[in-house]
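Right, one structure below, let's go through it.
The values are calculated or read from the model by the stated rules, or taken from the named source; none is laboratory data. Source: prediction; values computed, not measured. We place every Cβ from the backbone using ideal geometry, glycine too, and count neighbours over all the protein chains shown. Accessible surface is based on the protein model in full, side chains and every heavy atom, while ligands, DNA and RNA are left aside. Shrake-Rupley method; radii C 1.70, N 1.55, O 1.52, S 1.80 Å.
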Amino acid sequence: MEKLLVESIAPSIRASNNHLQTFTFTRVDMGEKPLKVIGVKVHTGRNKKQILLDLNISYVGDVQIDVEVKKFFCKAGVKGMQLHGMLRVILEPLIGNVPIVGALTMFFIRRPTLDINWTGMTNLLDIPGLSSLSDTMIMDSIASFLVLPNRLLVPLVPDLHEAAELRSPIPRGIVRVYLIEAKDLQSKDKYIKGMIEGKSDPYAIVRVGTQVFTSKVIDENLNPQWNEMYEFIVHEVPGQELEVELFDKDPDQDDFLGRMKLDFGEVMQARVLEEWFPLQDGGRARVRLRLEWHTLMSDASKLDQVLQWNKTLSTKPEPPSAAILVVYLDRAQELPVVYNTISPIWDDAFRFFLQDPTTEDIDIQIKDDNRQTTLGSLTIRLSRILNADDLTLDQWFQLENSGPSSRIYMKLVMRVLYLDAPEVCIKTRPCPPGQLDVTESANVGSSVDQPPRPTKSSPDSVIRIHLLEAENLIAKDNFMGGMIKGKSDPYVKVRLGGQKFRSRVIKEELNPRWSEIYEVIVNNIPGQEVEFDLYDKDVDKDDFLGRCKIPLRRVLSSKFVDEWLPLEDVKSGRLHVKLECLPPTPSAAELEQVLIVNSLIQTPKSEELSSALLSVFLDRAADLPLRKGSKPPSPYVSLSVRGISYKTKVCSQTVEPVWDEAFSFLIKRPHAESLELQVKDDGHTLGSLSLPLSQLLVAEGLVLDRWFQLNNAGSVSQILMRVQLGLLVSQHSGVEAFHTVAGEENEESSLKGSETELYIREDGDSSSTQELRQRMPHANSNLELSDSPLGQLHLTVWYNMDARKLIAIIHACRNLKSSAKDIPDPYVSLILLPDKSRVTKRKTTVRKKTLNPEFNEKFEWDLTLEEAQRRKLEAYIKNSVSFMSRGEPIGKVGDVHGGCHGLTLIANELLAGEMEAHY
């Protein structure tokens, strides 16, 4: 802290005012009272390559700090301080050796609460030029040093090359704030000792962290109109807030008129938000804001559209930006000799808003310390970056007006500001109904990308892409000029239907296994292909390892493709993929089986698989409420399911709009999800509807086709739509269930009721003669308790050939019996024999006070098929007694094949089964 005060805060204070040029800290004593961490939340970052710690800190200290301004013989200080807030600590980059983390980055997302007990403040404020400086302004200045976008970076390893990028990362987005007007402000200007009430001279301070703008002053007006626009860089969403404070301008001290705060998470979700916001501590006062979330695009495909849209805007005090530029200034080499070094290292970053990157340049000059002598210069046309991959230039640049070998290393990153909103689609270029130009997304590590925006005809099917493995890839990482052959770090880019997916990188492997699954909603449009491009991940530019593709019409016609595809444009290599077409099935009978199969084939590196497809055809609305002044609204509809949202076109000035559009959503768990619908007019909600998908599960044909009453609207406001659910039933997952009628085969089966037989065929081939069958009592069979005196366990055991894992799912227990007096706290313990090592032991969570616990927990073991066939799985049901004890046994699963305990894993090719065991 002393270092921060002396090296960072003191120079900033000296530079802030000419009268403070002799400001110094004469004493810094942080006291003996420690900082307290009240709560900690740990989670991963968006890229899963960082660890985030949110620390709720509280400091009530006996700190004593003395300051002096020698020029005016002024002394002041701090005796006691309180600090309360949420400090975020980011651990990145994660490295493979000690200390595991390369650096710590710390900052406050929001301004902390800072309360300082000043001494000698009166003396300090007597200094000329500081009479208007308030106690609050001083505290705000100190608090802002650790508030976004400022960050404190603490490197933990030497030569940390990412320091500048960690200190100034690429923003999450840009929020454009339109300060439009305010109403019913309080009158603060009074005359003749308050006998005559005047008005106010309002202005606004718009703040996001340390980014602050001040509006113009509107003289003598309680309903001012500013019509100003400001742009803010946003990093943490949700978390960062917009804060607007209104003041009355006075000659001495400005009067407070009210404030409002809004988390940017709401803006990102709505994309465009225009509302009247009430002001806290402002009486009946309100302020009208329009907020727009601009996504940062890493390609220039939408730049012309953005520039065209910006030309239609008239904004003050600055014109709107079309892009931002982040300059990471690394180092220079071979500069002309002046003073200390000819190879300086800056490791700094700068951000610029760009109005038209097609015509603008960036000018760079390197000067000596007194800024008199130019050591070199450089001009770069920004249009050059527009033609670069990922809008990024990362290289050495030759300096002009310098030495013959003088050069500078920089990384220039440009991002285009794109607003995905209905009015942009309408006003900039004609779009078909329901067709917004949504950017292609490449979600690294994501198994399910957002589906394409559909046209009126609903998508036909879902394509499930299994990216399995590759063989004999080319080695691209060579050493010593190619004398020593290395390997490659391969990854795959998958494209289908305008969507992109990217697999994880497999380090130093020419025969990599990914075992990742992606899902895409497709239309039966001719000419589409599933494309796979393989690359070797490198520090500078990734090397090409080959490509292959499959026509989509082949997958749609055959329903299932399982092939090794030879790689094109390279000498060797092939890729193993499986593609399955899943047409929606309008029946809820197999939902439980679909969820079980999805959990079995789910891979650790992919998101939860979808169990259904929701198709929504939005027809029209009737009797929508009028806007104020009896003016018809211009409505559009926002639909969302589980965070994925779409917007319709805008129907101009009508209470009976006709949209005639269709949308589709991938559904993971229909019982728990709902369709959220809002009818809006220029940001104002005209009506809403929340439709639980569980209603579709009990509807005939899983469809509802009717008028729906809108909530929060007029009593007769309705919307007409057709909502249909279709299950995604895989026929080639490797797990297929068949039901037989009791007594169909033999007398033994007639005693046990209905049964489920799970057939596992080799590689999912239904025509294969090599199959494995294990017959077990069905989960709903009604067995006498005499057959299972201690209860029943419902579990699934399966060997996943693609992932090469043994998988067990513990579903539930029923009718448990316990010798204890109290109702037990049961859990299930699994042991993989014969070794009984801790590495192979697994156990479920404990369920409190129940004889019928529900677990639904999945466990995996990395085993080859041959090794799995030699193993036996034992399942123990135990009662958790205390934290230190092992638990009292309730029962142990008996072998379904005979009298020995455990499930013997025997199979020619594959063993699987859903069973209800008795003990």
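So VAL63 ticks every box in (1) surrounded by 15 or more Cβ atoms within 10 Å (Cβ to Cβ); (2) not in a strand (DSSP E or B) but one. Which box is left unticked? So VAL63 meets the others, but not (2). Look at the stretch 708-732: where a residue is at positive phi and a partner is open to solvent by less than 60 Å² (accessible area, probe 1.4 Å), sitting 6+ places away or on another chain with Cβ atoms under 7 Å, you get ASN712/GLY687; ASN712/SER688. Screening the stretch 199-236 for residues that are out of contact with any Pro (no Cβ under 8 Å at 6 or more places or on another chain) and closer than 16 Å to ASN150 by Cα and picking the one that is modelled with the highest pLDDT gives PHE232.
In the stretch 1-33, which residue that is part of a loop (DSSP other than H, G, I, E, B) and open to solvent by less than 90 Å² (accessible area, probe 1.4 Å) is nearest to GLY102 (Cα to Cα)? My answer is MET30.
Being within 30 Å of ASP368 (Cβ to Cβ), within 33 Å of the chain's Cα centre (by Cα) and in contact (Cβ under 8 Å) with a residue 60 or more places away in the chain narrows it down to one residue among LEU335, LEU242, LEU329, LEU291; which is it?
LEU329
Can you find a residue that is open to solvent by 40 Å² or more (accessible area, probe 1.4 Å), more than 30 Å from LYS559 (Cα to Cα) and either among the small types (Gly, Ala, Ser) or assigned to a loop (DSSP other than H, G, I, E, B) (or both) anywhere in the stretch 697-712?
yes
The lone criterion from (1) within 30 Å of the chain's Cα centre (by Cα); (2) surrounded by fewer than 20 Cβ atoms within 10 Å (Cβ to Cβ); (3) under 21 Å from LEU468 (Cβ atoms) left unmet by LEU579 is number (2). Looking across the stretch 811-841, the residues that are at pLDDT 85 or above and under 30 Å from LEU468 (Cβ atoms) come down to LEU830, LYS841. When the test is whether a residue is open to solvent by 60 Å² or more (accessible area, probe 1.4 Å) and among the β-branched types (Val, Ile, Thr), THR295 does not pass it. Being more than 18 Å from ASP420 (Cα to Cα) and surrounded by fewer than 17 Cβ atoms within 10 Å (Cβ to Cβ) is the filter here; which residues of the stretch 634-668 pass it? Those that are more than 18 Å from ASP420 (Cα to Cα) and surrounded by fewer than 17 Cβ atoms within 10 Å (Cβ to Cβ): ARG642, SER652, GLN653, THR654, GLU656, VAL658, ASP660.
Of all residues in the stretch 34-60 being in a loop (DSSP other than H, G, I, E, B) and open to solvent by 40 Å² or more (accessible area, probe 1.4 Å), which is nearest to LEU87 (Cα to Cα)? Working first, answer last.
Looking only at the stretch 34-60, we keep the residues that are in a loop (DSSP other than H, G, I, E, B), and these are 34-35, 45-50.
Remaining after also requiring open to solvent by 40 Å² or more (accessible area, probe 1.4 Å): 34-35, 46-49.
On the way: PRO34: 16, LEU35: 12, ARG46: 18, ASN47: 20, LYS48: 20, LYS49: 20 Å.
In this case the residue turns out to be LEU35.
Regarding the stretch 189-208, can at least one residue be identified that is assigned to a loop (DSSP other than H, G, I, E, B), open to solvent by 60 Å² or more (accessible area, probe 1.4 Å) and either closer than 30 Å to ARG167 by Cα or in contact with a strand residue (DSSP E or B) (Cβ under 8 Å, 6 or more places away or on another chain) (or both)?
Taking the stretch 189-208 and keeping what is assigned to a loop (DSSP other than H, G, I, E, B), we get 189, 192-195, 198-201.
Imposing the further condition that a residue be open to solvent by 60 Å² or more (accessible area, probe 1.4 Å) reduces the set to 192-193, 195, 199.
Cutting the leftovers down to either closer than 30 Å to ARG167 by Cα or in contact with a strand residue (DSSP E or B) (Cβ under 8 Å, 6 or more places away or on another chain) (or both) gives us none.
Within the stretch 189-208, not a single residue is assigned to a loop (DSSP other than H, G, I, E, B), open to solvent by 60 Å² or more (accessible area, probe 1.4 Å) and either closer than 30 Å to ARG167 by Cα or in contact with a strand residue (DSSP E or B) (Cβ under 8 Å, 6 or more places away or on another chain) (or both).
Among the residues of the stretch 372-397, those that are open to solvent by 70 Å² or more (accessible area, probe 1.4 Å) and either within 30 Å of MET297 (Cβ to Cβ) or assigned to a helix (DSSP H, G or I) (or both) comprise THR379, ARG381, ARG384, ASN387, ASP389, ASP390, ASP394, TRP396. Pull up the stretch 344-362, narrow it to residues that are acidic (Asp, Glu) and exposed (fewer than 15 other Cβ atoms within 10 Å of the Cβ), then point me to the one that is nearest to VAL306 (Cα to Cα). Once the filter is applied, the top-ranked residue is ASP361.
Per the listing ASP304, ASP348, the residue uniquely on the phi < 0 side of the Ramachandran plot, modelled with pLDDT of 90 or more and of a type in the set (Asp, Glu) is ASP304.
Of the strands (runs of 3 or more DSSP E) lying entirely inside the stretch 437-545, those carrying at least 1 residues that are among the charged types (D, E, K, R) and modelled with pLDDT of 75 or more are 461-471, 490-496, 499-502, 513-522, 529-536.
Whether any residue in the stretch 894-903 is at pLDDT 80 or above, buried (at least 16 other Cβ atoms within 10 Å of the Cβ) and not β-branched (Val, Ile, Thr) is what I want to check.
Filtering the stretch 894-903 down to residues at pLDDT 80 or above leaves none.
There is no residue in the stretch 894-903 that is at pLDDT 80 or above, buried (at least 16 other Cβ atoms within 10 Å of the Cβ) and not β-branched (Val, Ile, Thr).
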